Amino acid sequence: MTTIRTNEMYAGAAVPAYTASKAALNAWTAQLSITLRGTNLKVNACHPGWVKTDMGGPSALLEIHEGAETAVYLATLPADGPSGGFFHKSEPLPW
């Protein structure tokens, strides 16, 4: 199981507007999953990790293909897969 500590998720920085927007996104994800319960649609949030992109910079821990693993996992969930969660790789994260 992958364990990500809060200081790793935000590189130890205090960024209240960013973290508040992420919490709102996770809450919306949960609400949409409830609204869409009973349909074939799944709604999950994805934490790709700190990825070496223009935004993540060269010091980021993950290569682009590693950051994409979570999105690929969620896009290929089986019909009985989870909905309403927040994931990194294939592991659910608390929020």
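Which of (1) among the polar types (S, T, N, Q); (2) surrounded by 13 or more Cβ atoms within 10 Å (Cβ to Cβ); (3) at pLDDT below 95 does THR29 not meet, given it meets every other one?
(3)
On the basis of being modelled with pLDDT of 95 or more, under 16 Å from the mean Cα position of the chain (by Cα) and crowded, with 16+ Cβ neighbours inside 10 Å, does GLY67 make the cut?
Values: modelled with pLDDT of 95 or more: yes; under 16 Å from the mean Cα position of the chain (by Cα): yes; crowded, with 16+ Cβ neighbours inside 10 Å: yes.
In short, yes.
Restricting to region 80-95, count the residues that are assigned to a loop (DSSP other than H, G, I, E, B), more than 19 Å from ARG37 (Cα to Cα) and in contact (Cβ under 8 Å) with a residue 40 or more places away in the chain. Before you say what the answer is, go through the steps one by one.
So in region 80-95, the residues assigned to a loop (DSSP other than H, G, I, E, B) come out as 80-85, 89-90, 93-95.
With more than 19 Å from ARG37 (Cα to Cα) added as a condition, the list becomes 89-90, 93-95.
Next, from what is left, pick out any that are in contact (Cβ under 8 Å) with a residue 40 or more places away in the chain: 89, 93, 95.
Total satisfying the criteria: 3.
Quick check: is even one residue across region 32-47 assigned to a helix (DSSP H, G or I), modelled with pLDDT of 95 or more and not β-branched (Val, Ile, Thr)?
Taking every residue of region 32-47 in turn, at least one turns out to be assigned to a helix (DSSP H, G or I), modelled with pLDDT of 95 or more and not β-branched (Val, Ile, Thr).
The values are calculated or read from the model by the stated rules, or taken from the named source; none is laboratory data. Every value quoted in this text rests on a predicted model; they were computed, and no experiment measured them. Here the Cβ is made from the backbone with ideal geometry for all residues, glycine too, and neighbour counts use every protein chain on show.
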